[in-house]
Amino acid sequence: MERKIHIQHVLLSLQPGGLENGVVNVVNRLNLGRFRSSVCCLKHKGEFAARLAGNQVAVHEMGWRGGNDLFLPFKLARLFRRTKTDIVHTRNAEAFFYGFLGAKIAGVPRIIHSEHGRTFNDRPLRFIVQRLFSRYTDRIFSVTEQLKHDLVGNIGIPASRIEVLYNGVDLGRFKPAPRLEIRTQLGFQPNDVVVGTVGRLVTVKNYPLLLQAVRALDRKDIKLVFVGDGPERRALEKMATMIGLEKQVRFLGHRDNVAELLAAFDIFVLPSISEGMSNTLLEAMGAGIAAVASDVGGNPEIIRDGVDGLLFPSGNVEAFVSRLQSLLTNAGRRAQLAQGGRERVHRDFSIDAMISRYERLYESTFAAGTE
C-alpha cells in the first residue's frame, strides 16, 4: 500500500481570517487515502482549530511572541523530524522565514511556499532574505495574478518560479437562501436595505471608508452589518456614533454561521486597501449577494466590473457612494449582479477545483523529491 504524503502546514495561527479559512478547507478536503495533514501554528491555535476534521489532524503550537527568535527554527526542526514531515507548506512571509529554516535544518525533502495577501512596505533586508530563500524552495505560488506581479516587482522572485492557484468556495454551504427569517432575527424591517461585510476588523480592510459612504448616502433605511472582530472594532464603533450611524450599524462580532448571516444581506461590500484572493467575497457571490469591492489585489480577478459585481477605485469615497447608490435604487440591478456573481463563482472558483489543484501540487512536488 502506498504510504501517505505528510504535509505540515505552517502559518501564524488559526485565528479567524481568510488565509486560515482556506487552510481549514484544504486540510479537511484533501484525499485522506493519499495525504496526511498537520498544522503548525507559530503562535497559538485559534478558534478555527475546532473546525479541523476529527482527530486525524494534529495541531502544534510553537508559542512564538513575535520579534526575532533564534530558537524557533530549531523547535520547528524537531517537530518536523518527530512527525516525519514530507512537505513543509508555509503561508506568508513570517511563516516562510522560520518554516524554511526549520525545514532545512530538519532535512525535510520538499518545501512549498504560498502568498495569500500582503503589503510591501517591509524592510529591504527582509525582501533580500525572502529572495534568497526562494531560490531553495521547491514550489512557490500566489493566490492571484496581481499578487504574483507584486512578488516579482517588489521582492525580485522570477516570474517563472511563481504559480497561481486560485481559492475556491464551498457552493454547498454558500448558496442563495431564504432571507426573511434571518433578517427578522436580526431586527431588520421588510423595507430595510442591508449592506454587510465579513472580515477581520483591521486597518487594511478600510472599514472607515464604508462608514463614510453610508453616512454620505444619508438614508435611514440602510442597515450596515459588520460580521467579524478585531483590533479596530472599538474605533469603528466610536466612529459610527460620532457620525450619527449608531442606530443603523450592527457589529455582530465573530460568528460561525456566516453562510446563514449572508442571507440577510442585500449588498456585500469589501472596501480594502489591499487584498489577496478574498474568500469572503467569493462566499458572498456564491450566496447570491450583489457585491461591491475596491479594485485591489485579486478583486478584479474575481469581479468583472458591471458583469458579476461592481468595482471602485480604492479609497475613493465618492466612487464608492456612487456604486452603492446605483444598487440601492435598483433592486433589479442588484438581482442581475447577484446572479452573475453566483454563476461566476460556480464556473471558476469552486472548492472542488481548488482541492484538485492542491492535490496535483502536492503529488508532483513529492514525486520530484523521490526521483
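Structure notes:
- The stretch 1-15, residues that are within 16 Å of Glu61 (Cα to Cα), of a type outside the set (Ser, Thr, Tyr) and part of a loop (DSSP other than H, G, I, E, B): Leu12, Leu14, Gln15
- Residue satisfying all of: in the stretch 154-198; closer than 25 Å to Gly340 by Cα and among the small types (Gly, Ala, Ser); surrounded by the most Cβ atoms within 10 Å (Cβ to Cβ) among these: Gly168
- Complete set of residues in the stretch 176-211 that are among the charged types (D, E, K, R) and under 18 Å from Gly17 (Cβ atoms): Arg200, Lys205
- Number of residues in the stretch 171-202 that are modelled with pLDDT of 95 or more and among the polar types (S, T, N, Q) equals 1.
- Of all the criteria given as (1) within 28 Å of Phe48 (Cβ to Cβ); (2) of a type in the set (A, V, I, L, M, F, W, C); (3) buried (at least 18 other Cβ atoms within 10 Å of the Cβ), the one not satisfied by Ile355 is (3).
- Residue in the stretch 315-327 that is within 19 Å of the chain's Cα centre (by Cα), among the hydroxyl-bearing types (Ser, Thr, Tyr), within 27 Å of Glu237 (Cα to Cα) and assigned by TED's automatic domain parsing to the domain that holds Pro208 present: no
- Exactly one residue among Phe100, Phe74 is modelled with pLDDT of 95 or more, in contact with a helix residue (DSSP H, G or I) (Cβ under 6 Å, 6 or more places away or on another chain) and either over 18 Å from Gln15 (Cα atoms) or in a loop (DSSP other than H, G, I, E, B) (or both), and that residue is Phe100.
- Within the stretch 112-139, tally of residues that are closer than 25 Å to Leu70 by Cβ, among the hydrophobic types (A, V, I, L, M, F, W, C) and under 22 Å from the mean Cα position of the chain (by Cα): 1
- Residue match in the stretch 289-307 (condition: assigned to a strand (DSSP E or B), outside the structural domain of Gly22 (by TED's automatic domain parsing) and over 18 Å from Gly196 (Cβ atoms)): yes
The values are calculated or read from the model by the stated rules, or taken from the named source; none is laboratory data. Everything quoted here is computed from the prediction, not taken from an experiment. Neighbour counts run over all protein chains shown; Cβ positions are idealised from the backbone, glycine included.
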